[in-house]
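Heads up: the structure comes next, in structure tokens.
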Ligand SMILES: Nc1ncnc2c1ncn2[C@@H]1O[C@H](COP(=O)(O)OP(=O)(O)O)[C@@H](O)[C@H]1O
Ligand SMILES: [Mg+2]
């Protein structure tokens, strides 16, 4: 699919943001599906590490989450085009479930840090459309969750999504 087509599809998918698809489900399932979606694009020298602990089932929209994870993994690949480590973590703490997508890639320049979630912001010259993190933010908002990023220039970035176990209407 061409970049423009893909972007338009992504936007259509979320616009208007669907609602009413929240059911008790397994966040790990969304993560597994996202990994499958990205498999073919995985850089050759990339290692994946999974650090999953048991988490409670969560009121969530698995399909939306799958897309959010997909974009985070895709960005991690872009940050590590040749080699690196993608670490996926899953954990739970006080009625919240969190998911980390961590890479050992290029990191995020300081002057870009407050822009990366903006629609159409991209630092990538060729393939960037600047839609991924905007969608991540929207999906997380729909879940009444939060997303935080811990960037280090030259030593990668960790995106953490935190979701309330009881979903958006707790
Ligand atoms: N894992 C990451 N490592 C380094 N920079 C990142 C990462 N994820 C996102 N970014 C930065 O955030 C920008 C916006 O990401 P995104 O919305 O997915 O758009 P795109 O991937 O099309 O550039 C990227 O262009 C990049 O500058
Ligand atoms: Mg992206």
Could you estimate the translational diffusion coefficient of the stretch 55-142 from the Stokes-Einstein equation, with Rh from the Kirkwood formula over C-alpha pairs, at 37 °C and 0.692 mPa s, in whole µm²/s? 231
DSSP beta bridges in the chain, what fraction antiparallel, as a percent rounded to 5? 75
Log10 I(q)/I(0) at q = 0.32, 0.33 Å⁻¹ for the stretch 64-104, from Debye over equal alpha-carbon scatterers, is -1.07, -1.10
Using only the Cα atoms, work out Rg/Rh for the chain, with Rh taken as the Kirkwood radius, to two decimals. 0.94
Taking the chain as a Gaussian network, Cα atoms linked when under 10 Å apart, which of 31, 119, 133 shows the biggest mean-square fluctuation? 119
Of the DSSP beta bridges with both residues in the stretch 26-96, give the percent that are antiparallel, rounding to the nearest 5. 10
One finds the C-alpha centres of the stretch 21-65 and the stretch 105-128 to be spaced, in Å, by 23
List 26, 78, 114 from most exposed to least, where exposure is judged by having the fewest other Cβ atoms within 10 Å. 114, 26, 78
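FYI, it's all coordinate maths here, none of it is from the lab. These numbers were taken from a predicted model, which means no experiment stands behind them. FYI the Cβ positions are ideal-geometry reconstructions off the backbone, even for glycines, and counts take in every protein chain you see.
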